[in-house]
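Only one structure is covered here, and it is reproduced in the block below.
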Amino acid sequence: MKKLLCSAALAGLVAVAAVPAMAQGDQSALKLDLGGYFRGYVTYASQDVDAAAVGEERHIDILRDTEIHFSGETTLDNGLTVGVHVEAETDTGETFAVDESYMYVSGSWGRVNFGGEDGAAYLLQVAAPSADSNIDGIRQYINPVNYDLMLGAVVGPVTFDYGQDLSGSSDKITYLSPVFNGFQAGVSYTPDTGDTLGGTDVDSVAFASRSLGGVTTDDVGDEYGAAWDVAARYEGQFDQFGLTLGAGFSHADLEEETTVTLDDRQQWNVGAAATFGGFGVGAVYFEDDYGVDNGVDGEANVLVLGADYTTGPWKVGASWYNREDEFTVAGFGADLETDRYSGGVTYTYGPGMTFRGSVHYIDHEVTGVGDGDATSFLIGSQVNF
């Protein structure tokens, strides 16, 4: 695997090196374009509040998520495409924090990403149909529940999704093969995830890039270092019937064990989605062992089922999300079972512009502690630019 990834990366970098370098002061190699998105919602929520919590939930509120993207690419005379991509979070109160920053080279031989970007397991992961992909999609961007108030013991994953992003956007090298008869494969290597992952949900947490800071420290107690992703995906269209299949596996090495309950961490997923005319259905199974090794269960198991129907600018969707967090891996001393039922409508009113309305009911059961639930209604819009 190492030989495959290194050979692909070297092929791309050698191709770049073969292009004559520009002298200082010459015209820039790339012209950056400005892009991004704005996601804004008005929500009405009603939820359980723990007796020990301070305050009550705010029933009506505004939730939003905004990013600005800088990207540019050029195709050279030899057919090599070279590009860069940078994403920054720009909501009020954020400090223009960079979320992703990487370059890529691609050609008939495939594509190599180099820098802070998600790995192959996430990039090739299959998503199930959803009510609103910002809320019940492969990665959750809008969360309408206040978990600081609900059941003080439930402080587990703030996001309830199924994205296989074990290394987040930490610096890595990713090779994605060309698509051959609908098939594509990918592999990623991350030298250092930089996270003390044991029992936490990573979800895009990245280790800061370095320049003059030198290389990172190895063999740090209870910290995860190098990580690998491998993944494959198939997409085919047969008249009105479309089929997408995918699977991925991720492994992160535990550098130095000082807590007897920790071990290397692994994630894997399988997914399938099908379309026929305007109808779509899909199912995804995702598992994360949390790097727990203490002779008892300690993992998250997620099953997602979804369906939708599209006609003209309208799409109606629904999903069921079931998650079981076993043992104390999510930060509390009991097992947690979660069910979320979602339904929604999306209307495309212009290129890259959608109105979205959805309703979600989420129920949590904590073994030996109690349960809590929340119902939320959201109306909003997403504008891509």
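ALA231: farther than 25 Å from GLU255 by Cβ, modelled with pLDDT of 95 or more, within 19 Å of the chain's Cα centre (by Cα) and open to solvent by 10 Å² or more (accessible area, probe 1.4 Å), yes or no? The answer is no for ALA231. Taking the condition touching a helix residue (DSSP H, G or I) at 6+ places or on another chain (Cβ under 8 Å), farther than 29 Å from VAL54 by Cβ and open to solvent by less than 20 Å² (accessible area, probe 1.4 Å), does LEU124 pass? No, not satisfied. Given the condition more than 19 Å from LEU336 (Cα to Cα), touching a strand residue (DSSP E or B) at 6+ places or on another chain (Cβ under 7 Å), at pLDDT 90 or above and surrounded by 22 or more Cβ atoms within 10 Å (Cβ to Cβ), answer yes or no: does some residue in region 151-163 qualify? Within region 151-163, not a single residue is more than 19 Å from LEU336 (Cα to Cα), touching a strand residue (DSSP E or B) at 6+ places or on another chain (Cβ under 7 Å), at pLDDT 90 or above and surrounded by 22 or more Cβ atoms within 10 Å (Cβ to Cβ). Can you confirm whether region 86-99 contains a residue that is closer than 25 Å to GLY271 by Cβ, touching a strand residue (DSSP E or B) at 6+ places or on another chain (Cβ under 9 Å) and of a type in the set (A, V, I, L, M)? No - not one qualifying residue is present in region 86-99.
Scanning region 38-84 for residues that are among the small types (Gly, Ala, Ser), free of Cβ contacts under 8 Å to residues at least 40 places away in the same chain and closer than 27 Å to SER381 by Cα returns a single hit, SER71. Could you go through region 51-68 and let me know if any residue there is at pLDDT 95 or above and in contact with a His (Cβ under 8 Å, 6 or more places away or on another chain). The answer is no, given that none of the residues of region 51-68 is at pLDDT 95 or above and in contact with a His (Cβ under 8 Å, 6 or more places away or on another chain).
Scan region 332-346 for residues that are more than 24 Å from the chain's Cα centre (by Cα) and either surrounded by fewer than 15 Cβ atoms within 10 Å (Cβ to Cβ) or β-branched (Val, Ile, Thr) (or both) and jot them down. Residue satisfying the conditions is GLY333 alone. For ASP219, the conditions (1) part of a strand (DSSP E or B); (2) in contact with a strand residue (DSSP E or B) (Cβ under 6 Å, 6 or more places away or on another chain); (3) not β-branched (Val, Ile, Thr) all hold with the exception of (1). Pairs linking a residue in region 283-294 that is modelled with pLDDT of 85 or more to a residue that is open to solvent by 30 Å² or more (accessible area, probe 1.4 Å), with Cβ atoms under 6 Å and 6 or more positions apart or on different chains, are ALA283/ALA272; ALA283/LEU305; TYR285/VAL270; TYR285/LEU303; GLU287/TRP268; ASP289/GLN266; ASP289/GLU299. Confirm whether THR95 is over 24 Å from ALA374 (Cβ atoms), surrounded by fewer than 20 Cβ atoms within 10 Å (Cβ to Cβ) and at pLDDT below 95. Yes; evaluated as a whole, the condition is true for this residue. For region 171-183, residues that are closer than 11 Å to ARG111 by Cα and either in a strand (DSSP E or B) or open to solvent by 50 Å² or more (accessible area, probe 1.4 Å) (or both) total 6. Within region 41-51, being part of a strand (DSSP E or B) and crowded, with 17+ Cβ neighbours inside 10 Å holds for TYR41, THR43, ALA45, GLN47.
Taken residue by residue, region 259-272 has at least one member that is of a type in the set (A, V, I, L, M), under 21 Å from the mean Cα position of the chain (by Cα) and surrounded by 15 or more Cβ atoms within 10 Å (Cβ to Cβ). Filtered by the rule that a residue be under 28 Å from THR190 (Cα atoms) and either among the aliphatic types (A, V, I, L, M) or outside any helix (DSSP H, G or I) (or both), region 121-134 gives ALA121, LEU123, LEU124, GLN125, VAL126, ALA127, ALA128.
Sub-8 Å Cβ pairs linking a first residue in region 357-378 that is surrounded by 17 or more Cβ atoms within 10 Å (Cβ to Cβ) to a second residue that is of a type in the set (Lys, Arg), at least 6 apart or interchain, are HIS360/ARG340; ILE362/ARG340; LEU378/ARG356, ordered by first then second residue.
The values are calculated or read from the model by the stated rules, or taken from the named source; none is laboratory data. Computed from a prediction, not measured in an experiment: that's the story for all the values here. Every residue, glycine as well, gets a Cβ built from its backbone with ideal geometry; the counts of neighbours run over all protein chains shown. For accessibility, only protein heavy atoms count, side chains too; no ligands or nucleic acids. Shrake-Rupley method; radii C 1.70, N 1.55, O 1.52, S 1.80 Å.
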